Amino acid sequence: RRPPPLPNEPRLLDALCDDFQRLPLHFMRFHAATEVDDVVDAMEFAAYVHDVEHVVLDNLQFMTQAGPRDASRFEAQDRAIARFRDFATRRGVHVVLVVHPRKEDPTQKLALTSIYGGAKAAQEADNVLILQAPAQPVAPGHASSQQSQAPIPKWVEVAKNRYAGTLGSVMMAFNDTTCRYYELSAGASASSASGAAVR
């Protein structure tokens, strides 16, 4: 379903911004490599003081680095995932952990085995959502810029669903005017969507 466009009137846009500011959002101030213990301490504080029930951590690769107890970066990531899983279970907080894929053929779909690092990320997760955006293969003798400018389909795939078991995917398109993704209805395509340019 195509979302309504953002208002062009500054007064209405200001009202939307005011509504957004009233949402109970809290942001951690960690950047790049960060001690997992510090991140978990901040999450514990947020859950206890602010009753936070949903945490988004973006992303695992930047947050972890091999420490003195880890033989590799993969071990550091596995240790971090174990800490986050323990926190989520004890506190009843939903933790979304962004993990980038391995370097693979960009024209192929991603799978659970595409998750960077060890298998622990997929094993410990209750749900795994994969943003699928396979690149168009470049024809021999042609530069990528000469390929068709048709929008490349993107979709969110439910690759794991521990409790309900239902798997599937949702097709999406990007609206350049509103700078938002929206769900494509069944049978629609990004190239046939009406209105503002989509990709």
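Here, each number is a calculation from the coordinates, and none is a lab measurement. Quick caveat, the model's predicted, so the values are computed rather than measured. Because the Cβ atoms are built from the backbone with ideal geometry, glycine has one as well, and the counts that use them run over all protein chains shown.
How would you order 58-64, 156-162 from highest to lowest mean count of nearby Cβ atoms within 10 Å? Show your work: numbers first, answer last.
Numbers: 58-64: 17.3, 156-162: 15.3.
The densest-packed peptide leads the list: 58-64, 156-162.
Can you tell me how much longer the chain between Ala111 and Tyr182 gets when fully stretched, taken as 0.36 nm per residue apart minus their C-alpha distance, in nm with one decimal? Display every interim value, and only then the final one.
Details: separation 71, 0.36 × 71 = 25.56 nm, distance 2.29 nm.
23.3 nm is the gain from fully extending Ala111 to Tyr182.
Place the peptides 118-129, 102-113 in order of packing, highest mean first, counting for every residue the other Cβ atoms within 10 Å and averaging per peptide.
Details: 118-129: 16.1, 102-113: 11.9.
Result, highest mean first: 118-129, 102-113.
Return the FRET efficiency for the residue pair Glu124, Leu23: r is the Cβ-Cβ distance, R0 is 45 Å, and the value is rounded to the nearest 0.05.
Efficiency computed from Cβ-Cβ geometry: 0.95.
For Lys160, list the lysines whose Cα falls under 20 Å from its own Cα; do not include residues on the same chain fewer than 8 positions away.
Within reach: Lys109, Lys120.
If each of Lys103 and Val170 carries a label point 7 Å out from its Cα toward its Cβ, how far apart are those two points in nm?
Label at Lys103, label at Val170, 3.3 nm between them.
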